[in-house]
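In what follows, a structure is listed as structure tokens, so that the remarks can point back to it.
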Amino acid sequence: MTTNDDLAALTTQEIISAVEGNVSDHEESVWSIAWHPKYSNLLATCSSDKTVRLYYVRVLSPSGRLFAKCIDVLENQHNRTIRRVDWSLPSGNALACASFDGTSSIWILLQNKLQNHLQALEEESQNSKESSPTTSANLGLLKCVSTLEGHENEVKSVAWNYKSASLMDQSDDHDGEDGDCGLLATCGRDKTVWVWEAIDKVGFSDFDCNSVCSGHTQDVKFVAWHPLTRSNMPSLLYSASYDNTIRIWKEGGFEEDHDRQSDEWKCVGILRGHTSTVWGLAFEPQLSSDDPEYPQYMVSVGDDKSLILWREDVVGNYIDMNVTQVQTISDVHTRTIYYVDWCVYKHPSTGQSISLVATAGGDNTIAIYQFDTTTRQLKLLTKIANAHDSDINCCIWNKNEFGLLSSCSDDGAVKFWKLKM
């Protein structure tokens, strides 16, 4: 089996290959995709056509062909582009959708209903002898329960927090399901970041606005939660902007002794490494989160065609947090880098950890990097040129299926890529 140290010696074809078949149901650009955190075969997509689609996806073995079936379509909720989708964590009870119409919608996944269909979908995929056409069946698995209003115009991104949540309220749709974290962040063209909290951590029918964070001087393009979050510690939220900066926001209500004081969120850091718009960021998945002084790494990408690696040294209650720019890679992409994602896989045979970063951008290219845990540096493994016919807006690793990467583009397609290891 291929080991972590052998990766750099492989050719492009040996490292990753395209899965035969793709998804092309959307009528316009596909902006965002999100794998479900619990059900590894569920993928949500959103588009300029104002719809969200939910797919059951499998890469067939041993053929390596794609089986993809649209099992739900969310429409008539937004009247403009849906820019970002994100599943609640850790159970994926809800899907949040950010739209250019200035609102974000919250949809609950009817998991009991889903369970009734999963076996039939699995059997259908196993009986498929060839790459299947993307057949559709509207199963009514998602139900809109909330609409968040407050941004003055386009909402550009939405993200659920990692912090664990105890079960609070039960509902008929979620009988027996664990509650997710109720903290949700949105950002938009109005230069603000909003933090929302679900009162009902299962049904998601009621939200409060915890804070409106102001400080960016231009559009806020992306928000992401820091993964090093525990129940007795404040959450950290990062935002990326057209003003070329990344801001770090700390949850209120915590002082050095962890006693709650003020609920206001505060900007505790500004990262200035990019020379143009910052489009996205991603954190190294935390494998040692019990250690409060574990050095955390983060990557960011932007219009300056750069991928920047940052090191965070976090002490105690984040009071002494220091973030340092440790590596800049600017010679891989030839146009804007729109998205970055980071995943650490355990090899299914060897059990060895493999830390991989994927970037995608306006040059229609996907790049794959390895994070060397010894040197603490990124090294390019391969580039997939002409991965799509137009700008690639998003690329996401499937955290629950080894080596499966998905991407979406202005060409209207969702494609899939598989590590060959």
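Just so you know, all these numbers are worked out from the coordinates, no wet-lab data involved. What you see is a predicted model; the values in this text were computed from it and never measured. So basically every Cβ, Gly included, is an ideal-geometry build from the backbone, and we count neighbours across all protein chains shown.
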Quiz item: Which of GLU284, GLU28 comes first, and how do the rest follow, when ranked by fewest Cβ neighbours within 10 Å?
Solution: GLU28, GLU284
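Given R₀ = 41 Å, FRET efficiency for SER330-THR217 by Cβ-Cβ distance, to 0.05?
Working: r = 24 Å, r/R0 = 0.59.
Rounded to the nearest 0.05, the efficiency is 0.95.
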Quiz item: Using a simple spin-label model with points 7 Å from Cα along the Cα→Cβ vector, what separation in nm is obtained for ASN127 and ASP208?
Solution: 5.1
Quiz item: Based on the mean of other beta carbon atoms within 10 Å per residue, what is the order of 89-96, 321-328, most packed first?
Solution: 89-96, 321-328
Quiz item: Ranked highest first by average number of other Cβ atoms within 10 Å, how do 372-378, 136-142, 340-346 line up?
Solution: 340-346, 136-142, 372-378
Quiz prompt | Relative exposure of VAL23, VAL73, judged by other C-beta atoms within 10 Å (fewest first) | solution = VAL73, VAL23
Quiz item: For the stretch 291-405, what's the radius of gyration and Dmax over Cα atoms, in angstrom?
Solution: 15.2, 47
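Please report SER406, SER125, SER205 as a ranked list, fewest other C-beta atoms within 10 angstrom at the top and most at the bottom.
Details: SER406 25, SER125 19, SER205 14.
Fewest-to-most ranking of SER406, SER125, SER205: SER205, SER125, SER406.
Using a Förster distance of 45 Å, how high is the FRET efficiency between ASN76 and ASP372, based on the Cβ-Cβ distance and rounded to 0.05? Could the numbers behind the result be given before it?
Values: r = 48 Å, r/R0 = 1.07.
Calculated transfer efficiency: 0.40.
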